[in-house]
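The structure under discussion appears below in the form of structure tokens.
Values quoted throughout were computed directly from the atomic coordinates according to the rules given, and no laboratory measurement underlies them. What you see is a predicted model, and the numbers here were worked out from it, not measured in a lab. As a convention, Cβ positions derive from the backbone with ideal geometry for all residues, glycine included, and neighbour counts pool all protein chains shown.
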Amino acid sequence: MSTKDDLMRAAIRLFAAGGVAATTTREIAAAAGVSEGTIYRHFAGKDQLVDEILSQHCAAFAAELDGVQAQAASKWEKLRALVRQCYIAFDRDPDLFTLLLISRHAPMQRIPVETRTPAGVFQAVIVRGAEGGKIGGLPAPFAAQIGLGMVLQPAIGSLHGEVERPLAPQADAVAGAIWRALSLV
């Protein structure tokens with residue numbers, strides 16, 4: 001891995017643990033094992049570092065989710081594929097998953113509106129599957145947020161040591177719970 005990659009990995013880990021705003025360039029440099037000045041050889045500052053991480057990983061994970069749901073034929077299979085891929089991604093890299101889907105931070109608001117995000121893909125699939133714009137009597141976008149919350153809460157529990165990893169083996173059960181909770185049956 002290059003120094004730039006080391007800096008990005010250290011930043012992802014620290015941003016996931018403590019938030020973007022609370023993390024300093026000094027902390028990132030220390031975690032990467034370099035001097036603080038090294039950051040500025042690769043990035044104009046913390047904002048550019050955050051933007052590069054998001055531009056590299058947000059769209060890539062969204063494309064990964066879009067790809068698995070596109071291969072599924074039915075609404076149920078699409079939901080199941082999305083939940084499974086989310087948990088595979090969490091098991092593979094909990095810090096990146098946390099940064100992209102669990103942490104709410106201001107830099108996410110700088111992502112251009114037309115950029116596909118993982119949460120956006122999840123919501124779009126659920127909304128497309130809605131009949132008459134409603135799911136279980138709720139507006140489809142609202143119902144999609146409930147479904148996404150049901151995916152994210154076990155990941156949060158895992159981060160806090162309350163839920164055992166890996167999460168991927170539980171994906172079908174979680175998808176089934178979402179399906180039933182949103183009255184998609």
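Taken together, the residues in region 134-151 that are crowded, with 18+ Cβ neighbours inside 10 Å, part of a helix (DSSP H, G or I) and aliphatic (A, V, I, L, M) amount to 5. If you go through region 74-97 and keep only what is buried (at least 21 other Cβ atoms within 10 Å of the Cβ) and of a type in the set (Ser, Thr, Tyr), you end up with just 87. Of all residues in region 68-92, those being out of contact with any helix residue (DSSP H, G or I) (no Cβ under 6 Å at 6 or more places or on another chain) and part of a helix (DSSP H, G or I) number 4.
Checking residue 56 against (1) loosely packed, with under 13 Cβ neighbours inside 10 Å; (2) part of a loop (DSSP other than H, G, I, E, B); (3) not β-branched (Val, Ile, Thr), which single condition isn't satisfied? Exception for residue 56: condition (2).
With 143, 119, 62 as the choices, which residue is among the aliphatic types (A, V, I, L, M) and farther than 21 Å from residue 167 by Cα? If you could, list the steps in order and put the result at the bottom.
Values: 119 fails: farther than 21 Å from residue 167 by Cα; 62 fails: farther than 21 Å from residue 167 by Cα.
Testing whether each residue is among the aliphatic types (A, V, I, L, M) and farther than 21 Å from residue 167 by Cα leaves just 143.
Here 177, 124 are screened, and the one residue that is in a helix (DSSP H, G or I), over 28 Å from residue 56 (Cβ atoms) and either in contact (Cβ under 8 Å) with a residue 12 or more places away in the chain or not acidic (Asp, Glu) (or both) is 177. When you look at residue 140, is it closer than 15 Å to residue 127 by Cα and without any contact (Cβ under 8 Å) to a residue 24 or more places away in the chain, yes or no? Yes.
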